[in-house]
1. Expressed in nm to one decimal, what extension gain is obtained for the pair VAL113 and LYS125 from 0.36 nm per residue of sequence separation less their Cα-Cα distance?
2. By accessible area of protein heavy atoms, probe 1.4 Å, what ranking do GLU67, GLU124 get, highest first?
3. Probe radius 1.4 Å, ligands and nucleic acids left out: which of ASP69, ASP64 has the largest accessible area, and how do the rest follow?
4. Can you work out the FRET efficiency for the pair TYR152 and GLN92, with r the C-beta to C-beta distance and R0 = 41 Å, to the nearest 0.05?
5. Accessible area of THR126, 1.4 Å probe, to the nearest 10 Å²?
6. Taking amide H atoms as placed 1.01 Å from N in the peptide plane, list the residues 5 or more away in sequence, or in a different chain, whose amide H sits under 5 Å from that of GLY110.
Amino acid sequence: MPENESSGPSQIKQQCTNNSEFVDLTMDIIDLTRSSPVPQATDNVPIVASPLRSSSPIQYGSGDEQELDEFMEQIKEKADAFEEAAAILRTQLQYKNRIWMKTLSDRKFGRDVMHFVDDIQLYEKTDRKRETTWAEGKSKSEKRRAKFTMGYMRREGEL
């Protein structure tokens, strides 16, 4: 076989150390001397361009915008429901119905909403700066406060 020929795998015979048999090893040999001819491109091999992608696992573009629109719609629906609940509560106060008020008081009705309002008001009134955005190693109320205020943008002129 000629030295410069790179038509396929090269056959190498190697003698085993524990017996006198020869073993055929088939392997591709890479020519680092550049003495082999340069491979030519063929017409039947498609060229595939790899698409540019972000290193971030988060998908950007229309999918991200669609998800943001869904979040906005959900929050708007909750805000509308909270406003309606507030109107119902205020309307019922004039009737002084002890049974109805006791039921709502005993069930801790709206406790999470009250925590939300308290946490946001504390954050805005004290102009509090968090030491960290991670809530690990903190009390239950500190973890909740960190979740409610993470990414929150201060309201202007409302307090």
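The values are calculated or read from the model by the stated rules, or taken from the named source; none is laboratory data. Here the structure is a predicted model, which is why all the values come from computation and not from measurement. Glycine also receives a Cβ, built like all others from the backbone with ideal geometry; neighbour counts cover every protein chain displayed. These area figures cover heavy atoms from the full protein model, side chains too; ligands, DNA and RNA do not enter into them. Shrake-Rupley method; radii C 1.70, N 1.55, O 1.52, S 1.80 Å.
1. 2.5 nm
2. Output order, biggest surface exposure first: GLU67, GLU124.
3. On the way: ASP69 95, ASP64 55 Å².
The residues order as ASP69, ASP64, largest area first.
4. Working: r = 31 Å, r/R0 = 0.76.
According to the calculation, E is roughly 0.85.
5. Ignoring ligands and nucleic acids, THR126 comes out at about 80 Å².
6. Here the answer is none, since no amide H 5 or more places off falls under 5 Å of that of GLY110.
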